[in-house]
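Student: A single structure is presented below for examination.
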Amino acid sequence: MTSPLTALFISLLIVTTLIRLWLAKRHVSFIQNNRASVPSAFDASISLVAHQKAADYSVTKTRLMMLEGVIQAALLYFFTLGGGLQWLDFSWREAMPNQDVLRGALVILSAFFISGLVDLPFDYYKAFVIDARFGFNKMTPRMFFTDMLKHGAIGLALGLPILFAALWLMQGAGSYWWLYLWVVWSVFNLLMLALYPTVIAPLFNKFSPLADESLKTRIETLLSKCGFKSQGLFVMDGSTRSSHGNAYFTGFGSSKRVVFFDTLLERLNGNEIEAVLAHELGHFRHKHVVKRIALLFIMSFLGLALLGWLKQQAWFYSGLGVAEASDYMALLLFILISPVFLFLLNPIMASYSRKHEFEADAYAAKNADARHLIDALVKLYRDNASTLTPDPLHSAFYDSHPPASLRIAKLNSLKTH
């Protein structure tokens, strides 16, 4: 007889996979139906050729994501009800029957390694087929695999201490292990925010101080006006891997940095760069980063509290294809199935993020010129081949930024110069 959890999990896995495919199909159809002409708001600034390139790029990526989503759903079924995790557990139990924490870490790492192998062909295809076809990829295969090994090494260096801490606390810290783990996890995240700009990011890219003195003076004036103190203005060699452009703040507390992609500086003039930076400062002024960190901590608190209860329930394991309860299997199952159970919250999270983007745009319109931000965004949409015509429902589910047409329309209403 099928357990209630098994039936619920299978149902949600099928439903969420079908919804993903349906949304993707809608997205592809909507883009293709609007491919023949540039939206009126952009017809003076984006050519039909650029619009069609963006449409084709988005459609191609979405179709790859459809296949990837089906494969990932199949892999999740294999791991759980297909017996994959049970097989991994059995294999490592035979190899080390009396070392629960180490064995648990190896089971979890093995599952992540298999997942990474499944994702690898999709990542490679996107970089060297899709991005290369549309003129974005600048990586060589050697750089691709070197980055992959670096990510893996850093992931192990940072993740293993947390993983061992989690398994050790689950085994020996009593019924409130989940609370202690939440504290450790929260401190770890804050530490990573502080260390990322100066320790981790330079392992993948070169960061050089901004050399343009005129632009530097202009940016520092804006930073001072907005009350933002940074540890420097840096240019990142993003062009070594991609022709996409961006700018961002990174770090936390006294380690905050302003970072520009070199590709962004090549494409935008001083007014536009200032407007883009004003938008990023809007996130700082409205404390969006702090709010998102707080939300992450709240969700992790609730999630770990739930895991603390589920770990004690025999049906949690048996309902997901695992014969023997264990701390590490509870943790791994929870990590793997959470996205399926949380999928329908995507629109809420995306809406929250889009609200922040509108607020940052409004701040930029007050402290720079909305017209310059519009000009910068149009260039970025064009040069990054971002579709101007996403399907509204697909966008509501997934997009952290407002659709181009809505964002530009809102900025036009905020013009003050």
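Student: Based on this model, can you work out whether Leu306 counts as over 30 Å from Leu345 (Cβ atoms), at pLDDT 85 or above and either assigned to a strand (DSSP E or B) or not basic (Lys, Arg) (or both)?
Tutor: No, not satisfied.
Student: Still on this model: Within the stretch 398-417, count every residue that is surrounded by 15 or more Cβ atoms within 10 Å (Cβ to Cβ), under 15 Å from Asp375 (Cα atoms) and touching an Asp or Glu at 6+ places or on another chain (Cβ under 9 Å).
Tutor: 4
Student: A follow-up question, please. For residues in the stretch 36-78 being among the acidic types (Asp, Glu) and surrounded by 15 or more Cβ atoms within 10 Å (Cβ to Cβ), which is nearest to Phe343 (Cα to Cα)?
Tutor: Looking at residues that are among the acidic types (Asp, Glu) and surrounded by 15 or more Cβ atoms within 10 Å (Cβ to Cβ), I get Glu68.
Student: OK, next. Name the pairs: first residue in the stretch 393-417 and of a type in the set (D, E, K, R), second residue assigned to a loop (DSSP other than H, G, I, E, B) and modelled with pLDDT of 90 or more, Cβ to Cβ under 7 Å, at least 6 apart or on different chains?
Tutor: Note: pairs meeting the criteria are Asp399/Pro390.
Student: Restricting attention to helices (runs of 4 or more DSSP H) lying wholly within the stretch 187-286, give those where 1 or more residues are at pLDDT 80 or above and more than 29 Å from Ala385 (Cβ to Cβ).
Tutor: Helices (runs of 4 or more DSSP H) meeting the threshold: 213-225, 270-285.
Student: Name every residue in the stretch 36-54 that is free of Cβ contacts under 8 Å to residues at least 60 places away in the same chain and either in a helix (DSSP H, G or I) or within 29 Å of the chain's Cα centre (by Cα) (or both), in order of residue number.
Tutor: Ser40, Leu48, Val49, Gln52, listed by residue number.
Student: Is it the case, given these coordinates, that Ala166 is within 30 Å of Val101 (Cα to Cα), at pLDDT 85 or above, of a type in the set (A, V, I, L, M) and not in a loop (DSSP other than H, G, I, E, B)?
Tutor: On the way: within 30 Å of Val101 (Cα to Cα): yes; at pLDDT 85 or above: yes; of a type in the set (A, V, I, L, M): yes; not in a loop (DSSP other than H, G, I, E, B): yes.
The answer is yes for Ala166.
Student: Taking the options Ser395, Ser338, name whichever one is crowded, with 18+ Cβ neighbours inside 10 Å, outside any loop (DSSP other than H, G, I, E, B) and either among the hydroxyl-bearing types (Ser, Thr, Tyr) or modelled with pLDDT of 95 or more (or both).
Tutor: Being crowded, with 18+ Cβ neighbours inside 10 Å, outside any loop (DSSP other than H, G, I, E, B) and either among the hydroxyl-bearing types (Ser, Thr, Tyr) or modelled with pLDDT of 95 or more (or both) holds for just one of Ser395, Ser338, which is Ser395.
Student: Got a sec? Which of Ala111, Ala73 is in a helix (DSSP H, G or I) and farther than 21 Å from Gln171 by Cα?
Tutor: Working: Ala111 fails: farther than 21 Å from Gln171 by Cα.
Answer to the selection: Ala73.
Student: Which of the residues belonging to the stretch 90-108 are of a type in the set (A, V, I, L, M) and assigned to a helix (DSSP H, G or I)?
Tutor: Step one: of the stretch 90-108, the residues of a type in the set (A, V, I, L, M) are 95-96, 101-102, 105-108.
Residues satisfying the conditions are Ala95, Val101, Leu102, Ala105, Leu106, Val107, Ile108.
Student: Something else about it: With the requirement that a residue be among the aromatic types (Phe, Trp, Tyr) and under 24 Å from Gly159 (Cβ atoms), what does the stretch 68-89 give you?
Tutor: Initial filter on the stretch 68-89 (among the aromatic types (Phe, Trp, Tyr)): 77-79, 87.
Listed by number, the residues that qualify are Phe78, Phe79, Trp87.
Student: Scan the stretch 137-148 and report the pairs whose first residue is touching a residue at least 24 places away in the same chain (Cβ under 8 Å) and whose second residue is among the basic types (Lys, Arg) and in a loop (DSSP other than H, G, I, E, B), with Cβ atoms within less than 6 Å and a gap of 6+ or a chain change.
Tutor: Listed pairs, sorted by first residue: Lys138/Arg241; Met139/Arg241.
Student: Hey, another quick one. Say we look at the stretch 196-213 and pick out the residues that are of a type in the set (A, V, I, L, M, F, W, C) and surrounded by 13 or more Cβ atoms within 10 Å (Cβ to Cβ); which of these is nearest to Leu158 (Cα to Cα)? Walk me through how you get there before you give the answer.
Tutor: Narrowing the stretch 196-213 to residues of a type in the set (A, V, I, L, M, F, W, C): 199-201, 203-204, 207, 210-211.
Within this subset, residues satisfying the condition of being surrounded by 13 or more Cβ atoms within 10 Å (Cβ to Cβ) are 200-201, 204, 207, 210.
Numbers: Ile200: 10, Ala201: 14, Phe204: 16, Phe207: 22, Leu210: 30 Å.
Among them, the one singled out is Ile200.
Student: With the checklist (1) out of contact with any helix residue (DSSP H, G or I) (no Cβ under 8 Å at 6 or more places or on another chain); (2) in a helix (DSSP H, G or I); (3) loosely packed, with under 15 Cβ neighbours inside 10 Å in hand, flag the one item Gln312 doesn't pass.
Tutor: Against the list (1) out of contact with any helix residue (DSSP H, G or I) (no Cβ under 8 Å at 6 or more places or on another chain); (2) in a helix (DSSP H, G or I); (3) loosely packed, with under 15 Cβ neighbours inside 10 Å, Gln312 comes up short only on (2).
The values are calculated or read from the model by the stated rules, or taken from the named source; none is laboratory data. The structure displayed is predicted, hence computed values, not measured ones. In this analysis, Cβ positions are derived from the backbone assuming ideal geometry, glycine residues included, and neighbour counts consider all displayed protein chains.
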